[in-house]
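Visitor: For reference, the structure I am asking about is given below.
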Amino acid sequence: MSPLAFDILKLLADGRFHSGEAMAGLFGCSRTLIWQAVKEIGEETGIDVFSVRGQGYRLAEAFEILDVTKIRAGLERAAGETLTVAVADQVDSTNTQLMARAASGGLHGLVLAAEVQTAGRGRLGRRWSMRPGCGLTFSVLWRFERTMSELSGLSLAVGVALARSLRRAGADVGLKWPNDVLLQDAKMAGILIELSGEANGPASVVIGVGLNLTAPGPVDQPVACLAQVGIRPSRNALLAALLNDLHNVLSEFDGKGFDALREEWLGFFAHLDCPVTLTFSHGEPVNGVARGVAVNGALQVETLRGLETFHAGEVSVRRLA
Ligand code: BTN
C-alpha cells in the first residue's frame, strides 16, 4: 500500500466520515489522489470503505491503530525493562524482519508489531494473511541462556502465555498441540517459532504471533476471532497483556524449561482424552486417544500399541459415529 493510502487508512480507522476535500487539505494533494488512494485501500486490503456523497469516506468497521506509547503503558515493570517495542505500518513479515535482526546483533527483547504484513508466514510453509486492524501480528526476538537442543517444549510454552492473556480477557480458549489457540473449536491464533544462531551456543529465537480479533478476511481454513464471543479489547492493551505474559513465560522457560509449565499447558489442552488422528507429511496417519504431553513437549497418544509419543504431526479430532 502506498504511504498516502496508509495515512488515509489510519485517519479513517476512527470509523467517522472524512471528506475528500478535508483529506486533500490535510495531506497536501488533490481530491483525485485521495480518491485513488481510497480505492487502493479497498483493492489491496479487502477493507470496505464507504463513500457517501456530501459526507466523504468512512470505514465499515473502526479499529484502534497500534501505538507504541499505549503499548508501553500497558507493560508491567519487568516486561518494560526487557522489551523494546516497535510498530511498523507495513512489512513483509515481522518474523522475517526480526530473523534478520537476530543475525545482525539485534537486541534481546525486541518486539515488532505490524499493521500490515505483505508476506506473513505460517507454520509448514503456509501463508498468514489478515486484513489491517482485524487482529494482531507481531514477533519477539528472545535470546535464551539455553542452547537449541534445550528448547524442546518452547512452542507449547508460548501457547501458555497466549492462553493466559486470552482467558483473562474473558475468552474460553483452548490449545491444540503443539500450539494453535482455539476458540469454539476453530483456530483463533497461531504461533511461528524460528531459531537463529549456533547449534551449541545460547539460542536466539523469533516468536511470531498472529491473532484474530475480528474476521480476518478470506483464509483457507475455518477460523475464529474474539469478536464472535463478544470480546472487543483495545488492540494496544491486548498486545501489552500478551507481551507481559510472554515475558513471564519465556523467563520461566529459560530458567526451568517446559516442565515448569506442563501442568498449566495440560489445563488448556483442548483435546485431552479425545479421540484424535495424527497425520504426517510422510507415512500413515495414527489413530488414538490424546493423553497429554511429555516434559519435552511431545504429544502422548494412546494407540493400539500402547502409549506412544510424537514430536511432529497435525492433530485432528475424530468424531466417533
Ligand atoms: C501458524 O501457522 O499457525 C503460525 C502463524 C504465525 C503468524 C505470525 S503473524 C506475525 C509473525 N510474522 C509472520 O510472518 N508470521 C508470524
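Visitor: Quick one: which strands (runs of 3 or more DSSP E) lie wholly within segment 281-321 and hold at least 3 residues that are farther than 21 Å from residue 125 by Cα?
Guide: Passing ranges, in order: 286-293, 299-303, 306-310.
Visitor: For segment 1-31, how many residues are of a type in the set (Phe, Trp, Tyr) and either over 31 Å from the mean Cα position of the chain (by Cα) or modelled with pLDDT under 95 (or both)?
Guide: 2
Visitor: Listed residues 113, 79; which is assigned by TED's automatic domain parsing to the domain that holds residue 191, touching a residue at least 60 places away in the same chain (Cβ under 8 Å), within 30 Å of residue 201 (Cβ to Cβ) and touching a strand residue (DSSP E or B) at 6+ places or on another chain (Cβ under 8 Å)?
Guide: Answer to the check: 113.
Visitor: Being without any contact (Cβ under 8 Å) to a residue 24 or more places away in the chain and touching a strand residue (DSSP E or B) at 6+ places or on another chain (Cβ under 7 Å) is true for just one of 246, 239, 272, 278. Which residue is that?
Guide: Result of the check over 246, 239, 272, 278: 272.
Visitor: From the list 169, 157, 203, exactly one residue is touching a residue at least 40 places away in the same chain (Cβ under 8 Å), touching a Pro at 6+ places or on another chain (Cβ under 8 Å) and away from the ligand (no atom under 14 Å from the Cβ). Which is it?
Guide: 169
Visitor: Hey, does segment 2-13 have a residue that's of a type in the set (Phe, Trp, Tyr), farther than 22 Å from residue 235 by Cβ and assigned to a helix (DSSP H, G or I)?
Guide: Looking through segment 2-13, none of the residues is of a type in the set (Phe, Trp, Tyr), farther than 22 Å from residue 235 by Cβ and assigned to a helix (DSSP H, G or I).
Visitor: Going through segment 33-58 one residue at a time, which ones are part of a helix (DSSP H, G or I) and surrounded by 13 or more Cβ atoms within 10 Å (Cβ to Cβ)?
Guide: 33, 34, 35, 36, 37, 38, 39, 40, 41, 42, 44, 45
Visitor: Among residues belonging to segment 94-125 that are more than 19 Å from residue 213 (Cα to Cα) and basic (Lys, Arg), point out the one that is nearest to the ligand (Cβ to nearest atom).
Guide: 123
Visitor: Between a first residue in segment 43-58 that is small (Gly, Ala, Ser) and a second residue that is assigned to a strand (DSSP E or B), which pairs have beta carbons less than 6 Å apart while being 6 or more apart in sequence or on different chains?
Guide: Filtered contacts from segment 43-58: 51/57; 56/18.
Visitor: Condition test on residue 284, is it under 29 Å from residue 82 (Cβ atoms) and free of Cβ contacts under 8 Å to residues at least 12 places away in the same chain?
Guide: no
The values are calculated or read from the model by the stated rules, or taken from the named source; none is laboratory data. Note that the structure is a prediction, hence the values are computed from the model and not measured. So basically every Cβ, Gly included, is an ideal-geometry build from the backbone, and we count neighbours across all protein chains shown.
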